[in-house]
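Trainee: The structure follows.
The values are calculated or read from the model by the stated rules, or taken from the named source; none is laboratory data. Fair warning: this is a prediction, and the values are worked out from it, not measured in the lab. No Cβ is skipped: glycine too gets one built from the backbone with ideal geometry, and neighbour counts run over all protein chains shown.
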Amino acid sequence: MWSSMTGGSGRGEDDGITSELIDAVVHQILLSWTALATPEMLIELRRGEPFIPGDLDRTLLLDLSSRSGVYDIDDQSRHALRDRFWAQVKRLKMT
């Protein structure tokens, strides 16, 4: 639903998970999410921190896996992905 994929092979340049790739995935997922979200939905999302709704979390993980070529994402990368998600959510502004 909020995929960051724009076509192509879905693999990162070096087939690994980098902080730049994590930032890119989070940015694109949130860009897609905000296109459909209301300010009330953003408030509700923030209230739920640190828990990411299942559909968003699943999309983040699937997109990171697809773009990196890494099937089994390690715990360190999962934590980094979720930390970056919340950092970017805190900077979102919706009118």
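Trainee: Which of the residues spanning the stretch 19-48 are among the β-branched types (Val, Ile, Thr) and either assigned to a helix (DSSP H, G or I) or under 11 Å from Arg84 (Cα atoms) (or both)?
Mentor: Ile22, Val25, Val26, Ile29, Thr34, Ile43
Trainee: Find all pairs meeting these conditions: Cβ atoms under 6 angstrom apart; at least six residues apart or on different chains; first residue within the stretch 64-91 and outside any helix (DSSP H, G or I); second residue loosely packed, with under 15 Cβ neighbours inside 10 Å.
Mentor: Matching pairs, first to second residue: Gly69/Arg11; Gly69/Asp15.
This table checks each residue for (1) surrounded by 15 or more Cβ atoms within 10 Å (Cβ to Cβ); (2) at pLDDT below 95; (3) touching a His at 6+ places or on another chain (Cβ under 6 Å).
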residue: Thr18; (1), (2), (3): no, no, no
residue: Ala24; (1), (2), (3): yes, no, no
residue: Asp57; (1), (2), (3): yes, no, no
residue: Tyr71; (1), (2), (3): no, yes, no
residue: Ala80; (1), (2), (3): yes, no, no
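Trainee: Does Asp75 satisfy the condition of being surrounded by fewer than 17 Cβ atoms within 10 Å (Cβ to Cβ) and either within 15 Å of Val25 (Cα to Cα) or among the polar types (S, T, N, Q) (or both)?
Mentor: Criteria not met by Asp75.
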